[in-house]
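The values are calculated or read from the model by the stated rules, or taken from the named source; none is laboratory data. Since we're looking at a predicted model, the values are computed, not measured. Using ideal geometry, Cβ is built from the backbone for each residue, glycine included, and neighbour counts are taken over all protein chains shown.
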Amino acid sequence: MADTHSHAEHHHHDHAYDHAHDHGHAHAHHHHDHGDEYLEQLFTIGICGAFGAVAVALSVPALTNTDPANPSILQIILSPDFHSFVLVAGVVLLAMTLVRVLALWQEAGERKNHVHGPDCNHVHGPDCGHDHDHSHGGVYWRAVVLLFPVVLFIWGQPNQGFSAEWVVGRLGDGDEIGQVKSVTAKEGGRRFSFDELNAFANNADKRESEEGKTATVKGQIRKLGDKEATLYRLKMTCCAADTIPLKARIVTENSLGGITDHAWVEVTGQLQFVHVPGSADYLPLLKTDVKNIKTKGVLPE
């Protein structure tokens, strides 16, 4: 009897030891898994917050900058129509980040305070069915990729607009145009935008009604010859990738030698619309004199 009793006690002791050992091992592993899970979530939350902070930091200077000669990063890469949306998106991302941080903090506190009593039966053994050996490396690689734009912002890139080489490539060598006419001057001179000029060039009625008026147009200049140049503006509809040049031709009676390529100028001259041979297009043209090309004090836009 004594041997039977001793054997039962020994068996009970071994079972209790094994249960405690398995339970303790399982919970150690369980807490380790939670640590990795929290780390992954913190990475995701941190990236979200970083994007929000960058959006705000990009949009505020763009919305408050009053010096077109020194554009901010966002002004270089995105149309002004979207700057306020970037600010709103940044604020929303920061708010979401704060909410998620508070939720994760609360969840971590609840798990830390969770007490396992003697009747706890959710033991993770070797056959628990969960894969505890999965790699978390993919999360960190995703973080590296997503943080690349943040690094560019910290680095201050891009810090300038389009290069002169890019502009020249988009402008081309200058379209061949029909002969410049002698047009009767009309009253009603005013300032014209490039959008107006291009719209009028594609409308026969507008070409007829506006041709001959004195027009003042502001833009950048690129010389095509001694007495001929392209006046242009870069139009960004959405972002830098869709930027296109809007063009007009300048024809003068004397040399353009003293004017620097790509400088901002204000040109006043007689408005014409000349046919581009081999196409159905018309190009706005300003027939003027060099003295009517203002170069000093013309601010970029």
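Of the residues making up the range 61-95, those that are assigned to a helix (DSSP H, G or I), of a type in the set (S, T, N, Q) and within 19 Å of ILE244 (Cβ to Cβ) number 1. Taking the criterion of being out of contact with any Asp or Glu (no Cβ under 6 Å at 6 or more places or on another chain), free of Cβ contacts under 8 Å to residues at least 60 places away in the same chain and part of a strand (DSSP E or B), the residues of the range 269-299 that qualify are GLY269, THR288. In the range 41-56, the residues that are at positive phi and surrounded by 17 or more Cβ atoms within 10 Å (Cβ to Cβ) form no Cβ pair under 8 Å with any partner that is modelled with pLDDT of 85 or more and in a helix (DSSP H, G or I), whether six or more places apart or across chains. The residue of the range 213-229 that is farthest from ASP195 (Cα to Cα), among those that are over 33 Å from the mean Cα position of the chain (by Cα) and surrounded by fewer than 19 Cβ atoms within 10 Å (Cβ to Cβ), is ASP226.
Every residue, every condition in (1) assigned to a loop (DSSP other than H, G, I, E, B); (2) of a type in the set (Val, Ile, Thr); (3) more than 17 Å from VAL274 (Cα to Cα), yes or no:
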site: LEU197; (1), (2), (3): no, no, no
site: PHE200; (1), (2), (3): no, no, no
site: ASP205; (1), (2), (3): no, no, no
site: SER209; (1), (2), (3): no, no, no
site: GLY212; (1), (2), (3): yes, no, no
site: GLY219; (1), (2), (3): no, no, yes
site: GLY225; (1), (2), (3): yes, no, yes
site: LEU231; (1), (2), (3): no, no, no
site: LEU234; (1), (2), (3): no, no, yes
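Based on this model, can you work out whether SER6 counts as modelled with pLDDT under 90, of a type in the set (S, T, N, Q) and part of a helix (DSSP H, G or I)?
In short, yes.
Determine, yes or no, whether GLY138 is modelled with pLDDT under 55 and out of contact with any Phe, Trp or Tyr (no Cβ under 8 Å at 6 or more places or on another chain). So GLY138 fails the test. Taking the range 255-268 as the range and being outside any strand (DSSP E or B) and either of a type in the set (Val, Ile, Thr) or outside the structural domain of THR230 (by the TED database) (or both) as the test, the residues that pass are ILE259, THR260. If only residues of the range 248-296 that are of a type in the set (Asp, Glu) and either surrounded by 15 or more Cβ atoms within 10 Å (Cβ to Cβ) or touching a helix residue (DSSP H, G or I) at 6+ places or on another chain (Cβ under 9 Å) (or both) are counted, the one that is farthest from GLY189 (Cα to Cα) is ASP261.
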